[in-house]
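The values are calculated or read from the model by the stated rules, or taken from the named source; none is laboratory data. Worth saying up front: this structure is predicted, and the values here are computed from it rather than measured. All Cβ positions, glycine included, derive from the backbone under ideal geometry; neighbour counts span all protein chains shown.
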């Protein structure tokens, strides 16, 4: 397992009841759920972090990291389609995200599971993997050095 993790910014008031909660509900029913991310610069580039298997959700506006999850797979939506995995993976796509899957083939799709609440952590408790500096802000996602959390 990598010594790095991803922190994803999530808007608690997005859509119908909040992004994270809707994904948790979907994962509880199906075992896993896809989370979509915009690649850097919204370019059509492959996922550059295949060894990262752990992630966190940072809840925008609270300045806290409050959920931990595990990544089973991560790639561009187009790569799932090209590998003929779309039908097999369809049950992991939340209904309210089906349009993203159809219309944004260059977006990343992270297949995540075991989304659990953790004791809140401040962003500055994490260090950026690229620079070793404290995380101060997240617009989309950042790669950090992993913080062991009880239950890992």
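The number of residues in the range 16-54 that are in contact with a helix residue (DSSP H, G or I) (Cβ under 7 Å, 6 or more places away or on another chain) and over 18 Å from residue 69 (Cβ atoms) comes to 1.
Scan the range 18-36 and give yes if some residue there is part of a loop (DSSP other than H, G, I, E, B), surrounded by 14 or more Cβ atoms within 10 Å (Cβ to Cβ) and at pLDDT 90 or above, otherwise no. Looking through the range 18-36, at least one residue is part of a loop (DSSP other than H, G, I, E, B), surrounded by 14 or more Cβ atoms within 10 Å (Cβ to Cβ) and at pLDDT 90 or above.
Quick check: anything in the range 59-80 part of a loop (DSSP other than H, G, I, E, B), more than 21 Å from residue 134 (Cα to Cα), in contact with a strand residue (DSSP E or B) (Cβ under 7 Å, 6 or more places away or on another chain) and free of Cβ contacts under 8 Å to residues at least 60 places away in the same chain? No, the range 59-80 has no match at all. Among the residues examined, residue 121 does not qualify as under 15 Å from the mean Cα position of the chain (by Cα) and either more than 14 Å from residue 34 (Cα to Cα) or in a loop (DSSP other than H, G, I, E, B) (or both).
The number of residues in the range 37-53 that are more than 16 Å from residue 140 (Cα to Cα) and either modelled with pLDDT of 95 or more or assigned to a strand (DSSP E or B) (or both) comes to 2.
Picking from residues in the range 128-149 that are free of Cβ contacts under 8 Å to residues at least 40 places away in the same chain and surrounded by 13 or more Cβ atoms within 10 Å (Cβ to Cβ), the one that is farthest from residue 3 (Cα to Cα) is 134.
If you go through the range 113-137 and keep only what is within 27 Å of residue 80 (Cα to Cα) and touching a helix residue (DSSP H, G or I) at 6+ places or on another chain (Cβ under 7 Å), you end up with 113, 115. Screening 84, 106 for residues that are out of contact with any helix residue (DSSP H, G or I) (no Cβ under 6 Å at 6 or more places or on another chain), part of a loop (DSSP other than H, G, I, E, B), surrounded by fewer than 16 Cβ atoms within 10 Å (Cβ to Cβ) and at positive phi leaves exactly one candidate, 84. For residue 43, the conditions (1) out of contact with any strand residue (DSSP E or B) (no Cβ under 8 Å at 6 or more places or on another chain); (2) under 13 Å from residue 109 (Cβ atoms) are fulfilled apart from (2). Name the one entry in 86, 98 that is under 17 Å from the mean Cα position of the chain (by Cα) and either closer than 20 Å to residue 36 by Cα or modelled with pLDDT under 85 (or both). When all the criteria are applied, what remains is 98.
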